[in-house]
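Here is the structure we will look at, set down as structure tokens.
The values are calculated or read from the model by the stated rules, or taken from the named source; none is laboratory data. All figures in this text were calculated on a predicted structure; none of them were measured in a lab. Don't worry about glycine lacking a Cβ; one is built from the backbone with ideal geometry, like all the others, and counts go over all protein chains shown.
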Amino acid sequence: MSNEPKWGSQGTETSPDKGSFIHGETHSPRRRQRKEAQNNEWSPKEILQLIGFFLCILLLLFLVVWGGTALYKYITEKPNKIKIPVSLPPIQTPTIIPSKGYILTIGKAPQDGGSIIREPGRESYLPDTQVTLTAKPDTASGYSFDRWSGDISGTSMITTIKMDSDKNITAYFVDRVVPIISEVQVTDVVDISATVIWATSENTTGYVEYGKTESLGDSVQSTSGRATDHIARLTNLAPSTKYYLRVRSKDQGGNDASPHTATFTTSNAIPIGNEIGKRAPNFTLPSYRDGALDSPNNPDSPNWKETVSLSDLRGKTVVINFWSSYCGACLLEFPIIRDVYQKAELANMNKSPELALITVCIDGRDDRIPKIEDKFRSQVGGFTFPILLDKEDIINKGVLINNDRFNIQVTPTTVFIDEEGIIRYTKIGIFKTIDEVKSILDSL
């Protein structure tokens, strides 16, 4: 075979290494790649066409927005351009109304003669509101309605007022009914006192005049105040003596009830002693000086008087607790004694009109009291109740022990004395509960 090169139809030489020559072009791989890259590039014409396309899109968007805005303005502003004749009402001067309405003020004379009911039930009202007023006299006290005065008048218990301005009205009540006294009784008559009770047909204040003759001479007010049930206690009477009395009552309107008269005779003198049924011997003892400022002259202290006499408590039930500073059992009882003194339903710190409590340290050792109080405070609490001191040679030579006055042999001992000063119960030993004390008090 010949080794001469082969020539194509165009006189080109073909070679596996050199590629082939077709139509005068050499088609090597490298040249083909360069040709393809040139075909993939954007021509200036194509770039201009793309820019024009985007400008058209922006222009179209602008026209859409502008057209929508113009259309919206046209639609919303068009009704305002149409003028429709309107007939306006004439201008009126506004009515001036107080910010809280018109005020209705109602008074009563006398104040406790009755009450007024208003409907609607308020103090201020809108103009032209009709308010109905109803007078309610205190018939239990004998009052009746008399008249209206002020911005209305008349004698009818029910009336109506128109609120066209502030109004001021007064309702007058009058008491023309005379009270009646009934059920007069003289009770609890002893040698030196007696109790008078009575009733009235309406609320009244009452009093009792009394004396050893029909001229009377003494008087005492009812402790009930203005009420229908009354009680008055007559004191400092003489034993075995006849007394005359007159019961009187007056209502708020000044009407006097017809007086009621009666007589009674006091009992024989009740002997003084330490036994049940006898009158407790009177005594006067000094108060313990506790830790309160200015003790014993500080009203906030239970020991606020320099001295206390049993007779000072006459008219009340009195509980006397006798104890000793050397008595351990006495200390264990102190929480109950303190409760009796402090509780509102019992002695109420001796403010109660019915009950009082005092204690007596029979050894009089006021130097020991603060020491044992501090030592046992955590177990029994403070000694916050009245303490009197029986110092044998200072007050009546120890009258509570000597001369068989109370004859206290054991501590603690508690004596219950009624409002007439008579011993009704004696308890030797300690109380374990306050209910024991209440039970004795209820039985007196």
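Worth pointing out:
- All positions within segment 138-188 that are β-branched (V, I, T) and free of Cβ contacts under 8 Å to residues at least 60 places away in the same chain: T139, I152, T155, I158, T159, T160, I161, T187
- Condition check for V220: part of a strand (DSSP E or B), of a type outside the set (F, W, Y), more than 30 Å from I181 (Cβ to Cβ) and not assigned by TED's automatic domain parsing to the domain that holds G142: no
- A199 being aliphatic (A, V, I, L, M) and surrounded by 20 or more Cβ atoms within 10 Å (Cβ to Cβ): no
- Residue match in segment 346-361 (condition: among the charged types (D, E, K, R), crowded, with 17+ Cβ neighbours inside 10 Å and on the phi < 0 side of the Ramachandran plot): no
- Subset tally (residues that are under 32 Å from the mean Cα position of the chain (by Cα) and at pLDDT 95 or above) for segment 315-333: 1
- Looking only at segment 157-215, residues that are of a type outside the set (G, A, S), part of a strand (DSSP E or B) and closer than 30 Å to T105 by Cβ come to 16 in all.
- Among the residues making up segment 404-427, a single one is free of Cβ contacts under 8 Å to residues at least 24 places away in the same chain and surrounded by 13 or more Cβ atoms within 10 Å (Cβ to Cβ): K427.
- One residue from Y243, Y210 being within 28 Å of S311 (Cα to Cα), out of contact with any Asp or Glu (no Cβ under 6 Å at 6 or more places or on another chain), surrounded by 17 or more Cβ atoms within 10 Å (Cβ to Cβ) and of a type in the set (S, T, Y): Y243
- Condition check for R248: buried (at least 17 other Cβ atoms within 10 Å of the Cβ), basic (K, R), more than 36 Å from the chain's Cα centre (by Cα) and under 30 Å from P137 (Cα atoms): yes
- A269 satisfies every condition listed in (1) over 29 Å from V319 (Cβ atoms); (2) part of a loop (DSSP other than H, G, I, E, B); (3) in contact (Cβ under 8 Å) with a residue 40 or more places away in the chain except (1).
- Whichever residue in segment 405-444 is of a type in the set (D, E, K, R) and touching a Pro at 6+ places or on another chain (Cβ under 9 Å) and, among such residues, is modelled with the highest pLDDT: K427
- Criterion: over 20 Å from K427 (Cβ atoms), modelled with pLDDT of 90 or more and of a type in the set (G, A, S) - qualifying residue of A356, A344: A344
- Scanning segment 133-153 for residues that are under 17 Å from G114 (Cα atoms) and over 36 Å from the mean Cα position of the chain (by Cα) gives D146, R147, W148, S149.
- Residues of segment 245-295 that are out of contact with any helix residue (DSSP H, G or I) (no Cβ under 7 Å at 6 or more places or on another chain) and among the aromatic types (F, W, Y): F264 alone.
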